[in-house]
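Comments concern the structure below.
Here, each number is a calculation from the coordinates, and none is a lab measurement. Owing to the predicted nature of the structure, the values given are computational and were not obtained by experimental measurement. For neighbour counting, all protein chains shown are included, and Cβ atoms are generated from backbone atoms with ideal geometry for every residue, glycine included.
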Amino acid sequence: MITTAMILAAGRGERMRPLTDTIPKPLIPVAGQSMLERSLDKLVEAGVTRIVVNVHHLGQQIADRVNGRAEIIHEERLLDTGGSVKNALPLLGAGPFFILNGDMLWRDGPDKLLPRLGMRWNPERMDALLLLHPIHKVIGREPGERGDYFLEPWGHIRHRGIAPLTPYVFASVSVCDARLFEDSPDAPFSLLTLWHRAEAARRLFGTLHDCEWFHVGTPKQLAEAERILA
C-alpha cells in the first residue's frame, strides 16, 4: 500500500480565467465539490495517510480549505512539476508516492484507481508508473489533441515524439519514488524530463484507467463535466 502522495496545486490556471482570477483552479467547484477535495477524499479512501500540497497562486485559499488534511508547501516562485516534487522530497521521503495534478477529475471503475496503481508499482522494474486514458474516451477532449503515449507490450510506454496522434493521454496521476529525482536539475523543470530519461532506460511504464476521466481546463470543459456529474 502506498501511503504518501503529493498534489500539484500551484499553477495559475490561465485557461480557466476569469474564474481563476479570484479562486485557484483546484478549488473551483464541479457539481458541488472542488477537484482538490475530490482527490483528497479518494487518497484518504485509498489508505494514504500523508498528503503534501504545493501552492503558489492564491495559495492561502487552498491552505485554508485543506485545513489540516495535508501539509502545505508555499512556493515563492513556480517550480514546474518536477521542481515542485523535488522541493517536497523532505516531506515525501524515499517513497513510493503518488503524484496527482490538483485539477484532475475521474470516476473509479470496478477496481478503484489508486489501489490498483499501487499494486502495479514495481520498483525493481520501474522508475515511474503513469496512468493513461484512451484519447477517444476523454471527456472534454479538445480539437487537435494529439495524445501523449503509446502503450507497448509488458506495460512499457513510449512518448509520441513527432507522431501526429497517439492512442493515450497521460491522465494526471503517477507513481514514483525519490530515485527518479537523482541528478535532476536544481532549477524549475518538468516531470516530463525525468520520464523521458526513464523511457530511455526502459523503466517507464503505464497502466490504463478503466472508467471516466475528465479534461477540465476551460470554462466550457467545466460545464461539460458538471453536466455529466450532475
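Of the chymotrypsin sites (Phe, Trp or Tyr not before Pro) in the range 131-206, not one is in a loop by DSSP (not H, G, I, E or B) with at most 12 other beta carbons within 10 Å. Summarising the strand pairing of the chain, around 50 percent of its internal DSSP beta bridges are antiparallel.
Once R0 is set to 25 Å, what does the formula 1/(1 + (r/R0)^6) return for the Cβ-Cβ distance between residue 61 and residue 41, expressed as a FRET efficiency to the nearest 0.05? The pair residue 61/residue 41 has a calculated efficiency of 0.85. By the rule of a C-alpha distance below 21 Å, with chain neighbours fewer than 8 residues away ignored, the lysines paired with residue 25 are 42, 220.
With the cut-off at 1.5 for a/c, could you classify the chain from its C-alpha gyration tensor as rounded, prolate or oblate?
rounded
Longest stretch of the chain clear of exposed loop sites (GluC sites (Glu not before Pro), DSSP loop, at most 12 other Cβ atoms within 10 Å, sites excluded): 1-75.
Between residue 49 and residue 196, what FRET efficiency comes out of the Förster formula 1/(1 + (r/R0)^6) with R0 = 41 Å and r the beta carbon distance, rounded to 0.05? My answer for the efficiency is 0.80.
Divide by every residue of the chain the summed helix terms, -39500 (n - 2.57) for each DSSP H run of at least 4, and state the resulting mean residue ellipticity at 222 nm, rounded to the nearest 500 deg cm²/dmol.
The helix-only estimate for the chain comes to -8000 deg cm²/dmol at 222 nm.
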